[in-house]
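Worksheet: one structure, shown below.
The values are calculated or read from the model by the stated rules, or taken from the named source; none is laboratory data. Everything numeric here is computed off the predicted structure, so don't read it as measured data. No Cβ is skipped: glycine too gets one built from the backbone with ideal geometry, and neighbour counts run over all protein chains shown. What goes into the accessible areas is simple: the full protein's heavy atoms, side chains included, and nothing from ligands, DNA or RNA. Shrake-Rupley method; radii C 1.70, N 1.55, O 1.52, S 1.80 Å.
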Amino acid sequence: MKIVLLMLGGALGALARYSVSVASTKLFGAVVPAGTFLVNLSGCFLLGLMFGLGEARGVSPGFRLFFMTGFLGAYTTFSTFAVESVLAHEGGRAGLATANILANNLGGLALAKAGLMLGRLI
């Protein structure tokens, strides 16, 4: 049952991400990465909301697996990165939070550039 919940959530998250990307391209054109921006920010909000609700009211393991891991995992991983950074900071680990933010952003940009360069060479 766990695998079914994870797969169903992941499939729906991927479809949602695709739908937002298609809609934003129609609205803003392909030049503006609005789809990614909207997906990442909405994913951050949704994961934060679910995490906060889980702390306050509890979230079932099945729902966590379906929505938080499956749906939001396929929808965006940026949400996980953002919540982890906030939790580290709230936990008194500001250095870790800062390092996580810098490493993810700068490392992600550098690896995206490296991947683009490599892909263009092949």
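Tabulated results
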| read-out | value |
| --- | --- |
| Backbone HN-Hα couplings from phi across the stretch 74-84 [Karplus 6.51/-1.76/1.60, Hz, Gly and Pro as x] | 7, 5, 6, 9, 4, 4, 5, 4, 5, 5, 4 |
| Quarter of Cα convex hull surface for the chain, i.e. mean projection, nm² | 9.5 |
| Accessible surface, 1.4 Å probe, highest first, among residues 71, 78 | 78, 71 |
| Karplus 3J(HN,Hα) series, Hz, for the stretch 60-66 with 6.51 cos²θ - 1.76 cosθ + 1.60 (x for Gly, Pro) | 5, x, x, 5, 4, 5, 5 |
| Residue-normalised accessible area of the stretch 11-53, given per residue in Å² at a 1.4 Å probe | 62 |
| Signed unit charges on C-beta, dipole axis of the stretch 1-116, positive-most listed residue 88, 24, 72 | 24 |
| The stretch 1-48 and the stretch 74-122: distance between their alpha carbon centers, rounded to Å | 18 |
| FRET efficiency, residue 45 to residue 118 (Cβ-Cβ, R0 35 Å, nearest 0.05) | 0.55 |
| Sites residue 105 and residue 4 - FRET efficiency at Förster radius 25 Å, r taken between beta-carbons, to 0.05 | 0.10 |
| Computed label-point distance, nm, for sites residue 27 and residue 53 using a 7 Å Cα→Cβ extension | 2.3 |
| Amide N proximity, the stretch 103-122 versus residue 36 label position 7 Å along Cα-to-Cβ, cut-off under 19 Å | 103-121 |
| Accessible carbon and sulfur surface of the chain relative to its total accessible area, %, 1.4 Å | 74 |
| Residue-by-residue Karplus 3J(HN,Hα) for the stretch 90-100, coefficients 6.51, -1.76, 1.60, Hz, glycine and proline x | 4, x, x, 10, 4, x, 5, 4, 5, 4, 4 |
